[in-house]
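Just so it is clear, none of the values below were taken in a lab; they were calculated from the coordinates. Being a predicted model, the structure only gives us computed values, none of them experimental. Counting neighbours? That spans all protein chains shown, and the Cβs are built from the backbone with ideal geometry, glycine included.
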Amino acid sequence: MLLSKLVGERVKETPSDVKILSHSLLVRAGFIKAVANGIFSLTSPAQLMSLNIEAIIREEMNKIDGQEVKFPVVMPRELWESSGRYSTIGSEMARFKDRGGKDMLLGMTHEEASVHMVKNTVSSYAQLPCMIYQIQTKFRDEPRCRGGLIRVREFTMKDGYSFHMTDDDLSKYYDKCLEAYHNIFRRIGLKRFISVKSDTGMMGGSIAHEFMLLTDVGEDTLVLCDECGYKANMEVATSKRFGVDFGKNSAMEEVFTADAKDIDALTAYLNIEKTNTIKAVAFAVRGEDTLVVAFIRGDLEVNEAKLKKAVMKNIVPFDAENESELTAGNIGCIGLNSKNTLVVFDKSLEGAYNMVTGANKAEYHIKGVDVSRDVKPKEFVDIAKVKLGEACPICGKPLHLENGIEIGNIFQLGTKYTKSMNMTVLNDKGEAVYPTMGCYGIGVGRAIASIAQESNDEKGLILPMSVAPYRVHICALRIDEPLVKEKAFALYNELKSKGISALIDDRENVSNGVKFADADLMGMPIRVVVSPRGLQNGEMEVVKRSTLEKENVSAESVVARIETIIAEEMEKLK
RNA sequence: CGGGGUGUAGCGCAGUUGGUAGCGCGUAUGGUUCGGGACCAUAAGGCCGCGAGUUCGAGUCUCGCCACUCCGACCA
């Protein structure tokens, strides 16, 4: 590719609305251009990178017997009615009517389409297991996009779906997929990525893993133990909590607490520890006239994902202030009007006494509460967030927290979709059974952002050999001189003929500084400087972008040197 | 969904008490330079987000809308 003709402007300044490094670098290098909120165009370098990543994904998916297919982007309402998700999914799914007034939607995931494809086409156990996957555009109307390609509305995703006769078979295949994913992320050049146990959400599935890139700008919090290797998303993480001294047991008593409405104000007003308070957190249930009130020890926080699972309802944070009979700031577990209200108690309250809880009337709390004596909950459920410094649930060593970007996930779905869509297969006894499913996703655009986020220096991107749009960037200094032009293009053509992708900076009247700066910014793994100075000695300069080490190589052996570097770099990414 | 912020040349920004629009980068042309974002000269490029209102006069003041963006959505 001739740089002079490459569409995509490289700029010095970071646009003011850009907050994270990967976004800034991709914009500055001219790889992406925003079209609308959360919707981007990719210029050629980014698209080539995308294709390189997709090629690696295909190889690894095909290795585990994946069959590449293509589902439609636009689907009819009925297909999604059949799984029940047309109504349970909210406004993140884009819906529209076709010219005949029929309800249609844009695909945000393809479980329904995959079952539709396999149903009745696969009818015997002899045809299972099978895995179908596609690489395709998805649209999700995210409430809040951010971070350039990290969280967008339209994106390219590899999504795969496997079908099995038994959970055991699914589990075996799942492990193979776990390994394939590790291969993919390693091969595209990511380094600080891990797989963690994750939330299975409302799907009721059993096991799920997320692949996370560890980075400060990550949106997810991960709970990690260095000692035994425990790794979990905050949404499902558990911990061992240390015993708490509740002080002296006493009888219940109502106390005036004025306008102390939150835990900080309450502990300050009564001069007590947070561990002696019971926090109430209210949630609404989407689509139902029901509230969920969670009670938890005052020093802890409610983990929404765990609570969601505990009550099996789609809860959303709720503002008790204006629209309910709850007394905001004084909600308590004694005498709470529980009409249309589900109450959940966290495990931290098991055995707690000498506690302060809201009195369910303004300006009053109740102290001296002994939970098992005065409240007698039916059960205690773990709905608390893990805190830094708590102990690993496996080995008891201190846990630490890190942020991560989710770059892929795999999921044992079970029979949710095959049952709801009534897909059966005959087993070896001639009985109709529901196959069990797994699903497997990778965001391609997010992988590009992740590479940019992780692999860079103050000058720009450092692209891994396996995914770089061009492996070689030829900087032709003084290309107005015929010898430079001749040698630079000779190199360019030779690389092309050998199938080595190259970009040549053929711009005239552009200063050397600009050429170097652009090469640094765009981050191709190998740079070759062709200049009058070097050619005087019959040499060209070969520079590795990752280290910026320079070496002078005779013009005749440059291609051989490039081939060696490529081979070395690719070996590291095997 | 709640709360901020910002919309002026392709990009980054300035624009005073209201008086007919500016800087840097980039682009074009000519010239001098040229191994780390060169210099000189000249030029092109604007519905000042959109719509009302106040005013002799609005980029500037008022109201409404739209777009983009950041933060929050653990407050009991």
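Figures for the structure shown
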read-out	value
Dipole of chain A, positive direction: furthest Cα of A:Ser82, A:Ile263, A:Ala305, with charges on the beta-carbon	A:Ser82
Cβ crowding within 10 Å averaged over residues, with A:529-535, A:512-518, A:404-410 ranked highest first	A:404-410, A:529-535, A:512-518
0 to 90° range, to nearest 10: angle between helix A:482-497 axis and chain A longest Cα axis	60 degrees
Proximal charge balance of A:Leu6 [Cβ under 13 Å; K/R count +1, D/E count -1]	-1
For A:Tyr364, residues with placed amide H under 5 Å, excluding near neighbours	A:Thr257, A:Ala359
Rg/Rh ratio calculated on Cα atoms of chain A (Kirkwood radius)	1.06
Other-chain or far-sequence residues with amide H under 5 Å of A:Arg507's (modelled H)	A:Ser4
Vicinal HN-Hα couplings computed from phi for segment A:442-451 (Karplus, 6.51 cos²θ - 1.76 cosθ + 1.60; Hz; Gly/Pro x)	9, x, 6, x, 5, 5, 4, 4, 5, 4
Filter on A:Lys70/A:Lys572; A:Lys197/A:Lys385; A:Lys485/A:Lys550 - keep pairs with C-alpha separation over 24 Å	A:Lys70/A:Lys572
Phi to ³J(HN,Hα) by Karplus 6.51 cos²θ - 1.76 cosθ + 1.60 over segment A:77-84, Hz, x for Gly, Pro	3, 4, 4, 7, 5, 5, 9, x
Square roots of five times the Cα gyration tensor eigenvalues for segment A:312-405, Å	28, 19, 13
Acute angle (nearest 10 degrees) that the helix A:558-572 long axis makes with the longest principal axis of chain A, alpha-carbon atoms	20 degrees
Check: segment A:1-147 dipole with +1 on Lys, Arg Cβ and -1 on Asp, Glu Cβ, in debye	480 debye
Rounded tilt (10° steps) of A:167-187 against the dominant C-alpha axis of chain A	50 degrees
Order by protection proxy (mean Cβ within 10 Å, highest first), peptides A:381-387, A:445-451, A:25-31, A:495-501	A:445-451, A:25-31, A:381-387, A:495-501
Residue-by-residue Karplus 3J(HN,Hα) for segment A:252-268, coefficients 6.51, -1.76, 1.60, Hz, glycine and proline x	5, 8, 7, 10, 6, 10, 6, 9, 6, 10, 10, 4, 4, 5, 5, 5, 5
For segment A:144-197 and segment A:23-95, distance of Cα centres in Å	13 Å
Whether segment A:218-292 is rounded, prolate or oblate, judged on the alpha carbon gyration tensor where a/c under 1.5 counts as rounded	oblate
5 angstrom amide H check on A:Asn456, placed H, neighbours 5+ away	A:Ile462
Under 16 Å from A:Lys172, Cα to Cα: aspartates and glutamates that are on another chain or at least 8 residues apart	A:Asp65
Exceeding the 30 Å Cα-Cα cut-off - candidates A:Lys339/A:Lys376; A:Lys97/A:Lys119; A:Lys158/A:Lys231; A:Lys5/A:Lys63	A:Lys5/A:Lys63
Where GluC sites (Glu not before Pro) fall in DSSP loop in segment A:67-167, at most 12 other Cβ within 10 Å	A:Glu92
